[in-house]
Amino acid sequence: MRGDNMEETAGERTNLAGVRHIVLVLSGKGGVGKSTLSTELALALRNAGKRVGILDVDLCGPSIPRMLRVQDSSVHQCDRGWVPVFVGHDTAIALMSIGFLLERPDDAVVWRGPKKNALIKQFVNDVAWGDLDFLIVDTPPGTSDEHISTVEALRPHQLLGAILVTTPQAVSVGDVRRELTFCRKAGLQILGIVENMSGFVCPHCSECTNIFSKGGGEELAKHAGVPFLGCVPLDPQLSQSLEEGRDFIQEFPKSSAFPALTHIAQQILDTSQRSS
């Protein structure tokens, strides 16, 4: 039994040895745009010249393959494990998701905790990422045993910290408070809070309407003493790019969400440079 564990540890070192920084993206509840932020952060870092991977451990809602228009791809085996799917003409983003392992896209993952946790550990151990500057880990909402398994599996590696995503409403902000508690109990550095869906900027007159109120994420960050990374407004061009699998960062530089997303990416770059 001990020999098996030693072999598994060696495998972990091999497949994540070339990954310089690992960033977890967390949310207290579903539907706040966590996968959207993971995708756009990866695109923004790629646009800054970085080699990026995305590990989608949201096992019951794997939406990132569709957002990057690779939902019909499949993963292959190599001598080091699974080969991730490479995105775009420059293949600068590598993606691994349970979505690539389902027989049909509408199949539901009806698994108990131990089977989910085993797959998460397999994703961490057995994906041949190669050399990456950043690995973005998109997690399920909440603070379940899947999060504990993810943090424990990644802890021996270059875990930079966690980004927490919320929307402005009090109910979402309240859930993020619990996420903050989880990070502190797990010993995770909090890179900052992002307030998503923070106002709607009219594409015709540029007036901003706060549909879901505003400022809850920033106020929480101030109260908790953690960085506030910024507000991302509701943006029809961002929604369109995700629906069509297009690169929002390259194609919509004049949109209202573009400066917010690139500013968030720059802060992650700055933090990674300070930690190196």
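Of note:
- Taken along the Cα-to-beta-carbon direction at a fixed 7 Å, the label points for Q273 and R104 span 5.1 nm.
- Residues in the chain average 47 Å² of solvent-accessible surface per residue, probe 1.4 Å, ligands and nucleic acids excluded.
- 18 Å tail of the calculated P(r), the stretch 139-224, as % of Cα pairs: 49
- Relative contact order (%) - criterion: Cα under 8 Å, at least six apart; region: the chain: 25
- Linear extension gain, S213 paired with A48, 0.36 nm per residue minus alpha-carbon span: 56.2 nm
- Take the convex hull of the alpha carbons in the stretch 61-129; its mean projected area over all directions comes to 5.0 nm².
- In this label model, V75 and C205 are separated by 5.0 nm, measuring between points 7 Å along each Cα→Cβ vector.
- Paramagnetic reach from R178 in the stretch 32-52 [backbone N under 19 Å; point 7 Å along Cα→Cβ]: 32-35
- Evaluated at q = 0.15, 0.30 Å⁻¹: base-10 log I(q)/I(0), Debye formula over Cα of the stretch 150-190: -0.40, -1.03
- The fraction of accessible area contributed by carbon and sulfur in the chain is 50 percent, rounded to a whole number (1.4 Å probe; ligands and nucleic acids excluded).
- Proximal lysines to K254, defined as alpha-carbon separation beneath 28 angstrom and excluding residues fewer than eight positions away on the same chain: K34, K50, K214
- A simple spin-label model places the labels of I148 and D90 4.2 nm from each other, with each point 7 Å out along Cα-to-Cβ.
- Between W111 and V171, full extension at 0.36 nm per residue minus the direct alpha carbon distance yields a gain of 18.8 nm.
- Working note: Cα atoms of the chain, range along each principal axis, descending, whole Å: 63, 41, 40.
- Computed from the C-beta positions of A118 and Q266 and an R0 of 30 Å, the FRET efficiency is 0.20 to the nearest 0.05.
- Length gained on full extension, E251 to A186: 19.6 nm, using 0.36 nm per residue less the C-alpha separation.
- Within the stretch 69-191, percent of DSSP bridges classed antiparallel, to nearest 5: 75
- Beta bridges per DSSP, both residues in the chain: antiparallel share near 20 percent.
- From the alpha carbon centroid of the stretch 90-132 to that of the stretch 192-252 is 28 Å.
- Among beta bridges identified by DSSP and lying wholly in the stretch 101-252, the antiparallel ones come to about 15 percent.
- For the stretch 211-218, 3J(HN,Hα) per residue [Karplus equation, 6.51 cos²θ - 1.76 cosθ + 1.60, θ = phi - 60°, Hz, x = Gly/Pro]: 4, 9, 6, 7, x, x, x, 5
The values are calculated or read from the model by the stated rules, or taken from the named source; none is laboratory data. Model, not experiment: these values are computed from the prediction. Virtual Cβ from ideal backbone geometry, glycine too; neighbours counted across all protein chains shown. Ligands, DNA and RNA are excluded from the accessible area calculation, which covers all protein heavy atoms including side chains. Shrake-Rupley method; radii C 1.70, N 1.55, O 1.52, S 1.80 Å.
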